Amino acid sequence: MLTVHHLNNSRSQRVLWLLEELETPYEIRFYERDPHTQRAPAELKAIHPMGKSPVIEDGDNVIAETGSIIVYILDKYGNGRLRPEQGTQEYIDYVHFLHFAEGSAMLPFLLALYNGFLGEAGEPLHPLIMGEIKGVLDYCEYHLIRNSYFAGEELTGADIQMIFPLEAARVRGRLKGYDACLEYVEKIHKRPAYLRALEKGGDYAYGPK
């Protein structure tokens, strides 16, 4: 059976949601963050050299990185679900946002987090980072005003990826004025599969409030 190596309060929650949407059987191996550093525990390095979550095991296959995991699961277990037909605009958007989530969207949010640790020393970078965050959210808002989901009118793997950057923005109060983004997050948070994944995954600070 497919195993998800799941770190509490982390992006690996997305993998649980994907599997619940597909109703694919899986088991969870739970890991807890270090209470002082909030880093993943060393035991994860026994599963994958990067020592990060999410990681899945499926037979002899060990796959890391959420985007790769989503592609693998949809290829093997999706039966055509949650992935648009190739050659369509929806498929182009699907591939784009599947990569955009971690390749572009998350970077300024992480920079803001790390820059906050620098105190006064990080102040010169603050306007630049906030400008990058605004660019990401403006882009998402523009897209969601015109589309129900990130790859058209139906949920796809792109939405599994994109929910976390918007959840992180919401928790930090950065979706004020971004009505389409906020409505999108609230819509996702009502999905039965998303709620089942929360019940199974445990502590998650970015979910419904």
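Bear in mind that the values in this text are calculations on the coordinates, not laboratory data. Everything numeric here is computed off the predicted structure, so don't read it as measured data. Ideal geometry is used to build each Cβ from the backbone, glycine not excepted, and the neighbour counts take in all protein chains shown.
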Self-check item: Mean projected area in nm² (Cα convex hull; one quarter of hull surface) for the chain
Solution: 12.2 nm²
Quiz item: In what sequence do Asp60, Asp75 fall when counting other Cβ within 10 Å, fewest first?
Solution: Asp60, Asp75
Quiz prompt | From the C-alpha gyration tensor of the stretch 89-191, square roots of 5λ in Å | solution = 26, 14, 11
Quiz item: Over the stretch 45-150, what per residue volume does the convex hull of the Cα atoms give, in whole Å³?
Solution: 120 Å³
Exercise. Please tell me which of these pairs span more than 32 angstrom C-alpha to C-alpha: Lys45/Lys190; Lys52/Lys76; Lys76/Lys187; Lys134/Lys190?
Key: Lys45/Lys190
Quiz item: Among Val15, Val171, Val95, Val136, which comes first, second and so on when ranked by fewest other beta-carbon atoms within 10 Å?
Solution: Val171, Val95, Val136, Val15
Quiz item: With the contact rule set at Cα under 8 Å and sequence spacing of 6 or more, what percent relative contact order holds for the stretch 89-191?
Solution: 35 percent
Quiz item: What net charge is computed for the residues neighbouring Trp17, neighbours being all others with C-beta under 14 Å from the C-beta of Trp17, Lys and Arg scored +1, Asp and Glu -1?
Solution: +2
Exercise. Just rank Met1, Met50, Met162, fewest to most, by other beta-carbon atoms within 10 angstrom.
Key: Met1, Met50, Met162
Quiz item: Per residue of the chain, what 222 nm ellipticity follows from adding -39500 (n - 2.57) for every DSSP H run with n ≥ 4, rounded to the nearest 500?
Solution: -15000 deg cm²/dmol
Quiz item: Share of antiparallel DSSP beta bridges in the chain, in percent to the nearest 5?
Solution: 60 percent
Self-check item: Relative contact order [Cα under 8 Å, 6+ residues apart], the chain, whole percent
Solution: 24 percent
Practice problem: Just name one of Trp17, Ile92, Gly131: the one whose Cα is farthest towards the positive end of the charge dipole of the chain (beta-carbon charges, Lys/Arg +1, Asp/Glu -1). | Solution: Gly131
